[in-house]
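Colleague: Attaching a single structure in structure tokens format; questions to follow.
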Amino acid sequence: MPSKPVIGRNEMEQIPERKRFLSRKTTFPMFSNDVADGWLQLLNLVMRIGTDKTTGQGDRIAEALNAIVTIQLAAEEEELAPYLDLSGADVDEHYRRFTSTSPTGDSGPALGQRLHDWNGLSQFDAAIERLKQSHDTRSGTLVLIDPQEMGSPQNTPSILSATFNVIEGALFGSFVIRSMDVYAAWPLEALSLTRLQREAAARLGIDVGSATFVIHSAHLCDRDWASALRVLDESFKRPLPLQEDASGIFLFGNDGGKARAMLLNHDASAIQWEETFTNPEDLSWYIIDIMPWLSSQHMRYIGQECAALMRSIRESECYEQG
């Protein structure tokens, strides 16, 4: 796997203390419009709530399990954000790992060979032909791992599989990643995989849809913590302007010491959903669990209102939404 750090400086200053945020320890969905912002969200996730642990090789890392990043891809490749510290030549060089059927000089398996000439089979071509035969009912999956490698993680590719589906005339990609250093490796891998997806879409003659990355172990080594926090401080600006959520309008209230929530349609003419919980925190998790289509901004808003409800209930104060 690539080891080129995204930020080229070797920073040996003292690592700032990370504030500990509570989390469910697994399954963190994130949404973005480009790889660069997705990288910032990954850095923020792992640095803020990642589990501090030591690997079997003695390396100290922060790790989040099952980070899920969905990127709504534009028709053309994105311009590289300055904070990535990458050039187009860097991306081209890395992408050769996905196209060349010869060893690329690193110690890992030749991904290009597995995609285009694994025991005489081009998985990529086969997936394209499968999708051409039936856009709407079939998927094309490329498997990049050999089961015999599982006993030797150092020889196992980080990318386990890539799956393409056609939905309403656009090609969607799903990429399963076993383990990834999100600071040093993920940007180049993500840029290369989305380029592969665009190439597949071009072969099919259709638009490109979103790309989803499921990262089983998203981690940062301690040597990169200071750099990651600096990048976040300089470039990760939140909150974004609130976007309309297609789900509807949420109303919250303190109903006799219980947290009540309602979901109305956009003209407030009908109640689509209503529920009451004794614990506002349980209410917030319940909403997010049963409505996974909510935008990330609305998830944050729900958490904010449920926290205000909790204060209102505990301190017998008047609750005002917003």
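The values are calculated or read from the model by the stated rules, or taken from the named source; none is laboratory data. What you see is a predicted model, and the numbers here were worked out from it, not measured in a lab. We place every Cβ from the backbone using ideal geometry, glycine too, and count neighbours over all the protein chains shown.
Colleague: Specify the residue that is modelled with the highest pLDDT; the eligible residues are those in region 7-53 that are under 14 Å from Val182 (Cα atoms) and among the β-branched types (Val, Ile, Thr).
Modeller: Of everything passing the filter in region 7-53, Val35 is modelled with the highest pLDDT.
Colleague: Confirm whether Val69 is assigned to a helix (DSSP H, G or I) and under 30 Å from Phe236 (Cβ atoms).
Modeller: Working: assigned to a helix (DSSP H, G or I): no; under 30 Å from Phe236 (Cβ atoms): yes.
No, not satisfied.
Colleague: How about region 38-57: which of its residues are touching a strand residue (DSSP E or B) at 6+ places or on another chain (Cβ under 8 Å) and charged (D, E, K, R)?
Modeller: Matches in region 38-57: Asp52, Lys53.
Colleague: What's the total number of residues in region 276-285 that are within 18 Å of Thr26 (Cβ to Cβ) and crowded, with 17+ Cβ neighbours inside 10 Å?
Modeller: Total meeting the criteria: 1.
Condition check ((1) within 28 Å of Val166 (Cβ to Cβ); (2) in contact with a helix residue (DSSP H, G or I) (Cβ under 7 Å, 6 or more places away or on another chain); (3) without any contact (Cβ under 8 Å) to a residue 40 or more places away in the chain) across all residues:
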residue	(1), (2), (3)
Ala200	yes, yes, no
Gly209	yes, no, no
Phe236	no, yes, no
Phe277	no, yes, yes
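Colleague: Do any residues in region 119-143 that are among the β-branched types (Val, Ile, Thr) have Cβ atoms under 6 Å from those of residues that are outside any strand (DSSP E or B) and surrounded by 12 or more Cβ atoms within 10 Å (Cβ to Cβ), where the two are at least six apart or on different chains, and which pairs are they?
Modeller: Short answer, once both residue conditions are applied: Ile128/Arg203.
Condition check ((1) farther than 30 Å from Tyr183 by Cα; (2) in contact with a Ser or Thr (Cβ under 6 Å, 6 or more places away or on another chain); (3) of a type in the set (D, E, K, R)) across all residues:
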{"residue": "Ser227", "(1), (2), (3)": "no, no, no"}
{"residue": "Gly248", "(1), (2), (3)": "yes, no, no"}
{"residue": "Gly253", "(1), (2), (3)": "yes, no, no"}
{"residue": "Met262", "(1), (2), (3)": "yes, no, no"}
{"residue": "Pro280", "(1), (2), (3)": "yes, no, no"}
{"residue": "Met299", "(1), (2), (3)": "no, no, no"}
{"residue": "Gln304", "(1), (2), (3)": "no, no, no"}
{"residue": "Arg314", "(1), (2), (3)": "yes, no, yes"}
{"residue": "Glu317", "(1), (2), (3)": "yes, no, yes"}
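Colleague: Continuing with the same structure: Of everything in region 53-94, what is among the aliphatic types (A, V, I, L, M), touching a Lys or Arg at 6+ places or on another chain (Cβ under 7 Å) and within 19 Å of Phe213 (Cα to Cα)? Give them in sequence order.
Modeller: Looking only at region 53-94, we keep the residues that are among the aliphatic types (A, V, I, L, M), and these are 61-62, 64-65, 67-69, 71, 73-75, 80-81, 84, 86, 89, 91.
When the remaining residues are screened for being touching a Lys or Arg at 6+ places or on another chain (Cβ under 7 Å), the result is 61, 65.
Hit for region 53-94 is Leu65, nothing else.
Colleague: Which number in (1) surrounded by 18 or more Cβ atoms within 10 Å (Cβ to Cβ); (2) within 30 Å of Val166 (Cβ to Cβ); (3) modelled with pLDDT of 90 or more marks the one condition that Pro109 misses?
Modeller: For Pro109, the exception is condition (3).
Colleague: Go through region 62-105 residue by residue and tally those that are over 19 Å from the mean Cα position of the chain (by Cα), touching a residue at least 40 places away in the same chain (Cβ under 8 Å) and more than 25 Å from Ala200 (Cα to Cα).
Modeller: Residues that pass the stated criteria total 1.
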